[in-house]
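J.: So that we are looking at the same thing, I have put the structure below in structure tokens.
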Amino acid sequence: MLTFAHSTYFQNLLESFSAGVVICNVRGLVYAANEAACRLLGTSGRELADPSRCAALVARADAPRRLARFLAMAIKHGQKPEPLSIACAHPDGQSRRYRLSGSLLLENEKIFGILIEITDVTEIYSLHERERDMLLGVHAAQQERIEGLVRFSLAVAHQIRNPLMVIGGFAGRLRRGKEEDDPEAEVLGMILDGARRLEAVVRAVSDYARREEPAMVPCVPAALRSEERRVG
């Protein structure tokens, strides 16, 4: 395979990929990479083939252990690794986001390496972050408006309740001093009934305004799954 890997045909085949392609042997060492991969990672094929420099490149990733498990799935366990998204410090000083997908390389049903396809998804992540920030801003504005309406509702309810208690109180006192057949007793009864209904409305508005709704906060789905497993 090494002879074939250094052939012109193999090199031309690698360069035909638009995505970055890196090929590792069963020891996890890089023995082939196309120009697209070198450009994405900000390095050269010679540096990738150097174990110490390659290790330094892996150390720039935000999750080197996850990257190591990604390689181990194919090299040690003989299984196709799940796609992996990682952030990495690029030599230009910026942070880049990469998506890695791996394929097993087999010869006579024996694994001799892993082909890693590298895609730069930095812009996609940036778009998602901008969209998230925009949604959070909209949510914050809506929350502020809701809180303003709650304060306004409570203030109005308080202002209505005070004169309502005066009206109901005096109507009740006047009603108690009247005989049942007194024409004014019926009118005062209507005032008391209206005051009680209005008081019920004010109480309902106050209770609704004071009700605490669950607050939405950003979260990481993986963390939620871990929490569910821990609780379960």
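The values are calculated or read from the model by the stated rules, or taken from the named source; none is laboratory data. It should be emphasised that the depicted structure is a prediction, and the values quoted were computed from it without experimental measurement. In this analysis, Cβ positions are derived from the backbone assuming ideal geometry, glycine residues included, and neighbour counts consider all displayed protein chains. The protein model used for the area step is the full one, side chains on, heavy atoms only, and it has no ligands, DNA or RNA in it. Shrake-Rupley method; radii C 1.70, N 1.55, O 1.52, S 1.80 Å.
J.: So, in segment 99-115, exactly how many residues are at pLDDT 90 or above and open to solvent by less than 50 Å² (accessible area, probe 1.4 Å)?
T.: 2
J.: A further question follows. May I ask you to say which residue of Leu127, Leu84 is closer than 25 Å to Ile23 by Cα and either open to solvent by less than 100 Å² (accessible area, probe 1.4 Å) or out of contact with any Ser or Thr (no Cβ under 9 Å at 6 or more places or on another chain) (or both)?
T.: The unique qualifying residue is Leu84.
J.: Based on what the data block shows, is Pro91 outside any helix (DSSP H, G or I) and open to solvent by 30 Å² or more (accessible area, probe 1.4 Å)?
T.: For Pro91, the condition - outside any helix (DSSP H, G or I) and open to solvent by 30 Å² or more (accessible area, probe 1.4 Å) - is met.
J.: Okay, moving on. Can you find even one residue in segment 9-21 that is in a loop (DSSP other than H, G, I, E, B), open to solvent by 70 Å² or more (accessible area, probe 1.4 Å) and in contact with a helix residue (DSSP H, G or I) (Cβ under 7 Å, 6 or more places away or on another chain)?
T.: Yes - at least one qualifying residue is present in segment 9-21.
J.: Considering only residues that are within 19 Å of the chain's Cα centre (by Cα) and open to solvent by 80 Å² or more (accessible area, probe 1.4 Å), look in segment 130-172 and name the one that is farthest from Gly189 (Cα to Cα).
T.: It comes out as Arg130.
J.: Could you go through segment 56-77 and let me know if any residue there is in a strand (DSSP E or B) and either among the β-branched types (Val, Ile, Thr) or open to solvent by 40 Å² or more (accessible area, probe 1.4 Å) (or both).
T.: No, every residue in segment 56-77 fails to be in a strand (DSSP E or B) and either among the β-branched types (Val, Ile, Thr) or open to solvent by 40 Å² or more (accessible area, probe 1.4 Å) (or both).
J.: Could you identify the single residue in Cys88, Cys24 that is under 11 Å from Ile116 (Cβ atoms), of a type outside the set (Gly, Ala, Ser), touching a residue at least 24 places away in the same chain (Cβ under 8 Å) and in contact with a Phe, Trp or Tyr (Cβ under 8 Å, 6 or more places away or on another chain)?
T.: None of the other options fit; the residue is Cys24.
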